[in-house]
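The structure appears right after this line, and notes come after that.
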Amino acid sequence: MRIPERGLGRSDLRTRMRAMRASDADWRGGRTWSMVYYAGEELSGAVHDAYLDFLFENGLGPMTFPSLRRLETETVSMTAGMLGGDADVVGSMTSGGTESILMAVKAARDRARATRPEVREPELLVPVTAHPAFDKAAHYLGLRTVTAPVGSDYRADIDAVRQLITPNTIFMAGSAIAYPHGTVDPIAEMAALAAERGIWFHSDACLGGFLLPWVKKLGFEVPDFDLRVPGVMSISADVHKYGFAAKGASVVLYRDAELRKFQFYIHTSWPGGVYATPALTGARPGGAIAAAWAAMTCLGEEGYLRLARGMMETTRKLVAGIESVQGLRILGKPVMTVLAFASDELDVYALADALQRRGWHVERQHLPASIHLMVTPAHERIVEPFLEDLRAAAEEVRGQSPAATTEMSAIYGLMGALPDRSLAKEAALEVLNQVYRPGEVDLGQLLGIR
Ligand SMILES: *Cc1c(COP(=O)(O)O)cnc(C)c1O
């Protein structure tokens, strides 16, 4: 494709782009179970206004835009207060959880280089359920990833973690909550193991950071996970998830300013001047920073508590409904509003396909095969219609022969069953290659499945 020779007017442009969204997911109506966190028009309107007001401003220039410096430092400070931080805690805003994690690993690596120079082949140790952002960070930063198994409760197996620590381990992390099954790892025990050995410990609260504090305040049982836990040196929390901000906003916090210094990047001999940035990116969207501050300030504790109460009630109803379907069971004990269910009797991928035909976008997981749900306020009104469709889909799949298995279920079944993970990687590389090209894509054909 080329840039069009003649430009398109504003209104034609909008018509054309809106038409492109025809087959996008209907997240406002609660038909999706991932990707978007929506809490109604009042809040999203405030976030929208804030984003547009700072649409062109650049967070790279704290002196040029003192407003953005203030909005960022206040967002970080409010997040630290929510996560048990004291006056020494500092942090940064980043573009998302992946960047927050990348920065914590980078800080840990550079600190290890300074304080443990004998370590030549640094290792990062995380539970197998930890977000891929950790392995991605290790991949980018030259560390080796070591993964610990989880127990039958889908939380990190603490004995396995202890045994996997080596003289090369410089970074450990646990999740609060872990994305796949919504569980909280034994953060306090893991952080204690790390602290005894001088290893950096990170608590990944990207998904749970903006909800667990409120869930706990409502009286639900929440394991300790934040800066109140001794040994936790850094923690990440995504404002663009349960903080209900616009995409492009996360916070990474450090126990003190000495630790955060290892995150910064400074170049002093560039003809363009002394170049200093706190995190990965150069130019930073002012809108994302402003929208994060706006979401937190618009909701306040009262708003977050109200949303948390509603989502916990929705989750309770969903769990009860899922468990009442013969053959379905919840994996582990979800702490808040993210859960996965599996089956020993039904093909859950076929079940996911059957739900999809009824208009529900659910995420498929593997190792073990399961369906993932992430509850938001948008789901409050669809609990019954969803459960009705789930029951119907389960009955449909129950009588089905394996030959009826559809394309999507075949792909996931195949990927999960591949004995050699490098084959799965090859297949996924080819999918990415095809997806990021203009034109239509046919996943089934790509993977040779018909
Ligand atoms: C979403 C998520 C991340 C990564 O965050 P992005 O904003 O998608 O980059 C990291 N950890 C957990 C537990 C997550 O759910």
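The values are calculated or read from the model by the stated rules, or taken from the named source; none is laboratory data. This structure is a prediction, so every number in the text was calculated from the model and none was measured. Glycine gets a Cβ as well: all are built from the backbone with ideal geometry, and neighbour counts include every protein chain shown.
Of R16, R111, which residue is exposed (fewer than 11 other Cβ atoms within 10 Å of the Cβ) and either part of a helix (DSSP H, G or I) or away from the ligand (no atom under 16 Å from the Cβ) (or both)?
R16
Would you please list the contacts, defined by Cβ atoms under 6 Å and residues six or more apart or on different chains, that run from a residue in region 350-366 that is among the β-branched types (V, I, T) to a residue that is in a loop (DSSP other than H, G, I, E, B)?
From residues that are among the β-branched types (V, I, T), the pairs are V362/W33.
Looking only at region 325-343, how many residues end up being out of contact with any helix residue (DSSP H, G or I) (no Cβ under 6 Å at 6 or more places or on another chain), part of a loop (DSSP other than H, G, I, E, B) and polar (S, T, N, Q)?
Of the residues in that region, 1 qualify.
Of all residues in region 250-284, which are buried (at least 23 other Cβ atoms within 10 Å of the Cβ) and not hydroxyl-bearing (S, T, Y)?
V251, V252, L253, Q263, R284 - these are the residues of region 250-284 that are buried (at least 23 other Cβ atoms within 10 Å of the Cβ) and not hydroxyl-bearing (S, T, Y).
Considering only residues that are in a loop (DSSP other than H, G, I, E, B), more than 18 Å from K333 (Cβ to Cβ) and of a type in the set (D, E, K, R), look in region 197-234 and name the one that is nearest to the ligand (Cβ to nearest atom).
By that ranking, first place goes to D226.
In this structure, is R391 at pLDDT 95 or above, charged (D, E, K, R) and under 19 Å from L211 (Cα atoms)?
no
May I ask you to list the residues in region 162-206 that are within 20 Å of L259 (Cα to Cα), buried (at least 24 other Cβ atoms within 10 Å of the Cβ) and acidic (D, E)?
Matches in region 162-206: D204 only.
If a residue has to be more than 14 Å from the ligand (Cβ to nearest atom) and either in contact (Cβ under 8 Å) with a residue 60 or more places away in the chain or under 19 Å from Y304 (Cα atoms) (or both) to count, how many in region 69-100 make the cut?
20
Would you check if M296 is in contact (Cβ under 8 Å) with a residue 24 or more places away in the chain, surrounded by 20 or more Cβ atoms within 10 Å (Cβ to Cβ) and in contact with a helix residue (DSSP H, G or I) (Cβ under 8 Å, 6 or more places away or on another chain)?
Answer is yes for this residue.
Among the residues that make up region 315-323, is at least one of them free of Cβ contacts under 8 Å to residues at least 12 places away in the same chain, part of a helix (DSSP H, G or I) and of a type in the set (K, R)?
yes
Does V229 satisfy the condition of being among the β-branched types (V, I, T) and either closer than 26 Å to I165 by Cα or at pLDDT below 95 (or both)?
Here the answer is yes, as V229 does meet what is asked.
Okay, residues lined up against (1) in contact with a strand residue (DSSP E or B) (Cβ under 6 Å, 6 or more places away or on another chain); (2) closer than 23 Å to P285 by Cβ; (3) small (G, A, S); (4) surrounded by 10 or more Cβ atoms within 10 Å (Cβ to Cβ):
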{"site": "L8", "(1), (2), (3), (4)": "no, no, no, yes"}
{"site": "D12", "(1), (2), (3), (4)": "no, no, no, yes"}
{"site": "V36", "(1), (2), (3), (4)": "no, yes, no, yes"}
{"site": "G45", "(1), (2), (3), (4)": "no, yes, yes, yes"}
{"site": "L52", "(1), (2), (3), (4)": "no, yes, no, yes"}
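Testing A25 on (1) surrounded by 11 or more Cβ atoms within 10 Å (Cβ to Cβ); (2) of a type outside the set (F, W, Y); (3) over 21 Å from the mean Cα position of the chain (by Cα), one condition comes back false. Which one is that?
That leaves (3) as the condition not met.
Quick one: count up the residues across region 344-364 that are crowded, with 21+ Cβ neighbours inside 10 Å and assigned to a strand (DSSP E or B).
Final tally of qualifying residues: 1.
Residues in region 182-196: is at least one within 15 Å of the ligand (Cβ to nearest atom), under 30 Å from R364 (Cβ atoms), assigned to a loop (DSSP other than H, G, I, E, B) and not hydroxyl-bearing (S, T, Y)?
yes
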